[in-house]
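Q: To start, I am sharing the structure in question, which I have written as structure tokens.
The values are calculated or read from the model by the stated rules, or taken from the named source; none is laboratory data. These numbers were taken from a predicted model, which means no experiment stands behind them. A quick note on method: Cβ atoms are made from the backbone with ideal geometry, for glycine too, and the neighbour counts reach across all protein chains shown.
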Amino acid sequence: MELPPLVSGRILTRYKRFLADVALDGGKQVVAHVPNTGRMTGCWAPGAPVQLSHSDNPRRKLAWTLERVDMGNGWVGVNTQRTNLVIEEALRQERIPGLEGYARIRREVTPPLQGCGSRLDFFLQQGAGADAWVEVKNVTLLQEDCLSFPDAVSARGSRHLEDLEALVKNACRGVILYALNRPEGRCFRPADDVDPEYGRLLRQVVEQGVEVIALRLHHTARGIVAAEAVPVDLSVAG
């Protein structure tokens, strides 16, 4: 997926969750929108290089949007609105192992099951096997040598796991896809120290047939592409 033209700078501070002060390379200081509801632990520090996009839409409160941050090892994608677009492109190009061969791909569909009130990110139909429901999670939390999710207690994330489990019990495929949006980390594992209930529930639904995919997102000079699958570690520490 190609990003809009990007402007470089350095982040000064992040505040009120969705705002950041950034000094552009030319010396101008701007306020940028931070489209990320998470804590962004380890995803920014004062003085870190960043890239922003700019919008000329007069209806927007802020013209600048924070897109990515370099914490020393390459770009970390912090605009979570881009993630599903990258995954959709990869699905349509059949570049996600295990999710190839579906002729129809729909976004943000509510499962037709009692108690499933949340929309899931993708619904894949007309494949060789069962229809597949896919929920995507943007992952940027680096813990030692693995990337982890969530970076804060996530009741909504737990509900998505329960929905996927219910769909598997109704003869569909349920897939949780962790999009690893930074270059470090040899594996994915749940952040048990952050949200132990999420980790417990993830292991439970996997035992019931929910599939887990961890996929690296690679940042290029002009965009983001889905890259290689990364090992998933569901072992319990200690």
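Q: Can we say ARG182 is part of a helix (DSSP H, G or I), charged (D, E, K, R), closer than 30 Å to ARG68 by Cβ and touching a Ser or Thr at 6+ places or on another chain (Cβ under 8 Å)?
A: Working: part of a helix (DSSP H, G or I): no; charged (D, E, K, R): yes; closer than 30 Å to ARG68 by Cβ: yes; touching a Ser or Thr at 6+ places or on another chain (Cβ under 8 Å): yes.
For ARG182, the condition - part of a helix (DSSP H, G or I), charged (D, E, K, R), closer than 30 Å to ARG68 by Cβ and touching a Ser or Thr at 6+ places or on another chain (Cβ under 8 Å) - is not met.
Q: If I filter the range 154-174 for residues that are assigned to a loop (DSSP other than H, G, I, E, B) and under 19 Å from the mean Cα position of the chain (by Cα), do I get at least one hit? So that I can check it myself, show each step before the final result.
A: Within the range 154-174, the first condition is being assigned to a loop (DSSP other than H, G, I, E, B), and the residues that meet it are 154, 170-172.
Pick out the ones that are also under 19 Å from the mean Cα position of the chain (by Cα) and you get 154.
Yes, the range 154-174 contains at least one residue that is assigned to a loop (DSSP other than H, G, I, E, B) and under 19 Å from the mean Cα position of the chain (by Cα).
Q: Among the residues of the range 77-97, are any exposed (fewer than 14 other Cβ atoms within 10 Å of the Cβ) and part of a strand (DSSP E or B)?
A: no
Q: Quick check: is even one residue across the range 177-197 among the polar types (S, T, N, Q), within 25 Å of HIS218 (Cα to Cα) and touching a residue at least 60 places away in the same chain (Cβ under 8 Å)?
A: The answer is yes, given that some residue of the range 177-197 is among the polar types (S, T, N, Q), within 25 Å of HIS218 (Cα to Cα) and touching a residue at least 60 places away in the same chain (Cβ under 8 Å).
Q: Another question about this same structure. Select, from LEU201, LEU120, the only residue that is touching a His at 6+ places or on another chain (Cβ under 9 Å) and either farther than 24 Å from GLY72 by Cα or of a type in the set (Phe, Trp, Tyr) (or both). Don't jump to the end; show me each part of the working.
A: On the way: LEU201 fails: touching a His at 6+ places or on another chain (Cβ under 9 Å).
Residue meeting the stated conditions: LEU120.
This table checks each residue for (1) assigned by TED's automatic domain parsing to the domain that holds MET71; (2) in contact (Cβ under 8 Å) with a residue 40 or more places away in the chain; (3) of a type in the set (S, T, N, Q).
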site: MET1; (1), (2), (3): no, yes, no
site: ILE11; (1), (2), (3): yes, yes, no
site: LYS16; (1), (2), (3): yes, no, no
site: ASP21; (1), (2), (3): yes, no, no
site: ALA32; (1), (2), (3): yes, no, no
site: THR37; (1), (2), (3): yes, yes, yes
site: MET40; (1), (2), (3): yes, yes, no
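Q: So the check is Cβ under 6 Å with 6+ separation or different chains; which pairs have a first residue in the range 97-115 that's of a type in the set (S, T, N, Q) and a second one that's surrounded by 12 or more Cβ atoms within 10 Å (Cβ to Cβ)?
A: THR110/ARG119
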